[in-house]
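The values are calculated or read from the model by the stated rules, or taken from the named source; none is laboratory data. All of these numbers come straight from a predicted model, not from anything done at the bench. Virtual Cβ from ideal backbone geometry, glycine too; neighbours counted across all protein chains shown.
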């Protein structure tokens, strides 16, 4: 048996669908968490308007206050050699199996920042950073967020500015947030949404000259609290919330238009959350069909790990399928064509895709997050 065949045999199948209602008591647990967190699914949305408060406060270092926060800028359409940009920030520990790397934060998680930063050109051994409380400056309203001396995010809605010279990647980007928004969850214990943005600026590295760039991207924000976030250490893996699979995609469709799609799995094989939106500047947000499914069709020949941990068999090819209310289907076939960057919550890469969306043949570049921490999966 070849090494590629061995990896495909050892990797657990990946198939999630928005129509999954299996699981018995596990399904009841998934449904209960979904109700408490007020999460969206492909056939339902918690809301479609902007939040009333358009500031983006970080998590706090004080007990009994917001304990975890997420800021993300995901760009799928950079020119060669960069292809995509990952700015994936998680402050604190989430308590979810799929998003926590206990090896990254050996002590108290409150106020500790994990940052995945890089492009397709970046060195994957240098893309993941952990900043202590004394290494960050976080304004209470989230207007200025500094991670170490070389990476700064400033937010004055609808403007977002990213400046960084971290890891020899020199980036100066200005984002303009539109009113087009996708909600993941909206509750007092967890709130998470994604804004469609247009960006422009420059990007350079030690190996490539400065380039003027512009296009469509996302700005992500999430904030939450649960009592375990006040513990002196990260939750042991067996006690974490059993969401154990996650993938998130941002696909470039052309000027001012994108697709965002995500799937979250729990208890090894059950769908906990799934949704996919088409977003276009000036047109708004609409779901793709009434049913969605995500399937990995090919895995890498060997597992990927970071610093001796977080071992996963990562995908090389996958498919999204969408069913419309008239019975017709749309599809997206993706092929990973960059190396993977470790992000704490999993891994990030870029891919090329082709497909048919609502009767129109499309192709483009995309950004991908992927984490598989299911029991029995190689990790």
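List of remarks:
- Which listed residue is in contact with a strand residue (DSSP E or B) (Cβ under 8 Å, 6 or more places away or on another chain) and part of a loop (DSSP other than H, G, I, E, B), from 107, 111: 111
- Across the stretch 279-287, a minimum of one residue is classified as free of Cβ contacts under 8 Å to residues at least 60 places away in the same chain, in contact with a strand residue (DSSP E or B) (Cβ under 6 Å, 6 or more places away or on another chain) and either in a strand (DSSP E or B) or over 28 Å from residue 48 (Cβ atoms) (or both).
- Single match in 272, 261, 292, 276 (criterion: touching a helix residue (DSSP H, G or I) at 6+ places or on another chain (Cβ under 8 Å) and in a strand (DSSP E or B)): 272
- Among the candidates 29, 93, 24, residue that is closer than 26 Å to residue 270 by Cα and crowded, with 22+ Cβ neighbours inside 10 Å: 93
- Of all residues in the stretch 33-52, none are farther than 23 Å from residue 94 by Cα and in contact with a helix residue (DSSP H, G or I) (Cβ under 7 Å, 6 or more places away or on another chain).
- Residue in the stretch 207-216 that is crowded, with 22+ Cβ neighbours inside 10 Å, closer than 30 Å to residue 23 by Cβ and either touching a helix residue (DSSP H, G or I) at 6+ places or on another chain (Cβ under 9 Å) or in contact (Cβ under 8 Å) with a residue 24 or more places away in the chain (or both) present: no
Let's see how each residue does on (1) buried (at least 20 other Cβ atoms within 10 Å of the Cβ); (2) farther than 24 Å from residue 215 by Cα:
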| residue | (1), (2) |
| --- | --- |
| 301 | no, yes |
| 314 | yes, yes |
| 346 | yes, yes |
| 370 | yes, no |
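- Subset of the stretch 58-81 [under 19 Å from the mean Cα position of the chain (by Cα), closer than 25 Å to residue 176 by Cβ and assigned to a loop (DSSP other than H, G, I, E, B)]: 58, 76, 77, 78
- Tallying residues that are part of a strand (DSSP E or B) and touching a residue at least 24 places away in the same chain (Cβ under 8 Å) within the stretch 334-348 yields 6.
- Flag for residue 115 being over 25 Å from residue 309 (Cα atoms) and either modelled with pLDDT under 95 or surrounded by 17 or more Cβ atoms within 10 Å (Cβ to Cβ) (or both): no
- Residue ID - surrounded by the most Cβ atoms within 10 Å (Cβ to Cβ), chosen from residues in the stretch 140-150 that are in contact with a strand residue (DSSP E or B) (Cβ under 9 Å, 6 or more places away or on another chain) and in contact (Cβ under 8 Å) with a residue 40 or more places away in the chain: 147
- Condition check for residue 101: under 30 Å from residue 253 (Cβ atoms), at pLDDT below 95 and in contact with a strand residue (DSSP E or B) (Cβ under 9 Å, 6 or more places away or on another chain): no
- Of the criteria (1) under 30 Å from residue 41 (Cβ atoms); (2) touching a strand residue (DSSP E or B) at 6+ places or on another chain (Cβ under 8 Å); (3) surrounded by fewer than 20 Cβ atoms within 10 Å (Cβ to Cβ); (4) free of Cβ contacts under 8 Å to residues at least 40 places away in the same chain, which one residue 157 fails: (4)
- First in the stretch 53-65 and on the phi > 0 side of the Ramachandran plot and at pLDDT below 95, second anywhere and surrounded by 13 or more Cβ atoms within 10 Å (Cβ to Cβ) and assigned to a loop (DSSP other than H, G, I, E, B), Cβ under 9 Å, 6 or more apart: 64/225
- The single condition from (1) assigned to a loop (DSSP other than H, G, I, E, B); (2) closer than 27 Å to residue 19 by Cβ; (3) in contact with a helix residue (DSSP H, G or I) (Cβ under 8 Å, 6 or more places away or on another chain) that residue 326 fails is (3).
- Some residue of the stretch 70-89 being within 20 Å of residue 264 (Cβ to Cβ), modelled with pLDDT of 95 or more and either surrounded by fewer than 18 Cβ atoms within 10 Å (Cβ to Cβ) or in contact with a helix residue (DSSP H, G or I) (Cβ under 9 Å, 6 or more places away or on another chain) (or both): no
- Just one of (1) without any contact (Cβ under 8 Å) to a residue 40 or more places away in the chain; (2) surrounded by 15 or more Cβ atoms within 10 Å (Cβ to Cβ); (3) closer than 30 Å to residue 375 by Cβ fails for residue 308. It is (2).
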